[in-house]
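The values are calculated or read from the model by the stated rules, or taken from the named source; none is laboratory data. If you're wondering where the values come from, they're calculated on a predicted model, not measured in any experiment. For the accessible areas, the whole protein counts, side chains as well, though only heavy atoms, and no ligand, DNA or RNA atoms are used. Shrake-Rupley method; radii C 1.70, N 1.55, O 1.52, S 1.80 Å.
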Amino acid sequence: MRGVATFLAALAVICLGYWAYHQNILTQHSVREVERLHRAIGAERERLSVLRAEWAYLNRPDRLRELADLNFDRLGLMPMSPDHFGDVHQIVYPPLLDQLISETLTGSASGPEQLP
């Protein structure tokens with residue numbers, strides 16, 4: 001009986017050792033994967049910062065103004081004039097929103113309990 005118990009204990013130690021080794025390998029694999037992802041994230045952040053810098057460079061107002069002037073006829077652009085702009089009161093709002101805006105502007109805004 002003592003031999004069977006020793007054999008089972010040895011088998012349990014071997015199984016637990018294998019399980020611990022397997023978990024160690026999985027952990028090392030996960031750590032390598034996390035490190036790879038961190039490197040990829042760093043590379044993407046660097047790429048994003050380069051793209052933001054390029055976007056800022058290409059959208060400089062003086063450059064855009066020059067491009068608009070060069071391609072004015074081909075794009076069919078119209079020169080800006082003050083009559084191209086409207087007044088806030090010319091905007092048509094839905095009835096409820098129009099009521100809220102007018103009440104807010106006059107200072108007699110109703111609370112949420114009074115809304116339909």
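Some values worked out for this structure:
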quantity	calculated
For E33, solvent-accessible area (1.4 Å; no DNA, RNA or ligand), Å²	70
Accessible area of H89 in the full protein assembly, 1.4 Å probe (Å², nearest 10)	150
With all protein chains modelled, accessible area of L97 [1.4 Å, Å²]	80
³J(HN,Hα), Karplus 6.51/-1.76/1.60, whole Hz, each residue of the range 8-18, x for Gly, Pro	5, 5, 5, 5, 5, 5, 5, 5, 5, x, 4
Candidates S81, S102, S30: whichever shows maximal mean-square fluctuation once the chain is modelled as a Gaussian network with Cα springs under 10 Å	S102
Cα shape, the chain, gyration tensor, a/c 1.5 rule	oblate
Difference of contour (0.36 nm per residue) and Cα-Cα distance, A9 to V31	4.7 nm
Share of carbon and sulfur in the accessible heavy-atom surface of the chain [1.4 Å probe, %]	65
C-alpha center-to-center spacing [the range 48-99, the range 1-23] in angstrom	75
Cα-based Rg of the range 1-43 normalised by 2.2 N^0.38 Å, two decimals	2.02
Where the range 69-108 is the region considered: accessible area per residue in Å², 1.4 Å probe	94
